Amino acid sequence: MYVFSPSLLPITFHSFPNNDVNTYSRLATVKSHKSTVISKESEVLARESALIEKEQHLAALLAQKDAQINELQQLLSQLQSQPHLGQSDQQMINTQIAEAVVRREEELRVLVTKREDEVAKAMARREEEIMDAVRKREEEVLGAWRAREEDIRKEVEARVNEVSLFSYTRN
C-alpha cells in the first residue's frame, strides 16, 4: 500500500473527484491535532524558560558565594600582612579559610550535579513529548490515508461496475 507524504495532503485531497464530508472532517481532525501539538510545544517552551530563569538565579547565587570567597581571601591577605598575629592565629585563619573553600567547592559540585540532572530530565521529557506527538500525528495521517484509500477504492469499484453495467446493457 502506498502512503502519501503529509506534504502532499492538501494537493491530493483537492485532486480527487467526489470529495466527501468525511474526508474534510478527517482533515479538520488532523488540523486540530496539529494545533494540540503546537500547544504542547508551547508548554514545553514555557517550562524551558522557567528552567532558564532558575539557572540564572542559581548562577547569581554562585556569583554571590564567589564574591564572599574573594572577600574572605582578601581579608586573609590583610590579616597575614599584619605582623602582630601569632603563628597559631595564622594557622587557625588558614584552616578556617581552607574549610570555607572546601565547603564552597562542595556546594558548587552539588549545585552543578543537581542542575545537570534537571537539564537531563527536562531534555528527556521534551524528547519523549515530541516523539509521542510525532507518533500520534503519523498514526492519524496514516489512518486518514487508509480511510481515503478505501473510499477511493470503493469509488473506483463503483465506477467500474457502472462501466461494466453500461457495456453489458449495450451489448
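Read the figures in this text as sums done on the coordinates, not as results from a lab. Computed from a prediction, not measured in an experiment: that's the story for all the values here. Here the Cβ is made from the backbone with ideal geometry for all residues, glycine too, and neighbour counts use every protein chain on show.
For a quick protection proxy, order the peptides 51-57, 141-147, 160-166 by their average other-Cβ count within 10 Å, most packed first.
Values: 51-57: 11.4, 141-147: 15.9, 160-166: 9.9.
Most protected by this proxy first, the peptides run 141-147, 51-57, 160-166.
Any chance you could check the Cα centroid distance between region 30-75 and region 151-171 for me, in angstrom?
That distance is 65 Å.
Calculate the translational D of region 128-171 in whole µm² s⁻¹ from Stokes-Einstein, where the hydrodynamic radius comes from the Kirkwood formula applied to all Cα pairs, the temperature is 37 °C and the viscosity 0.692 mPa s. Kindly include the intermediate steps, with their values, before the conclusion.
On the way: Rh = 12.9 Å.
Diffusion coefficient, whole number: 254 µm²/s.
Which percent of Cα-Cα pairs in region 38-171 sits in each 5 Å bin, short to long?
The calculated distribution, bin by bin, is 2, 8, 9, 10, 7, 7, 7, 6, 6, 5, 5, 4, 4, 3, 3, 3, 2, 2, 2, 1, 1, 1, 1, 1, 0, 0.
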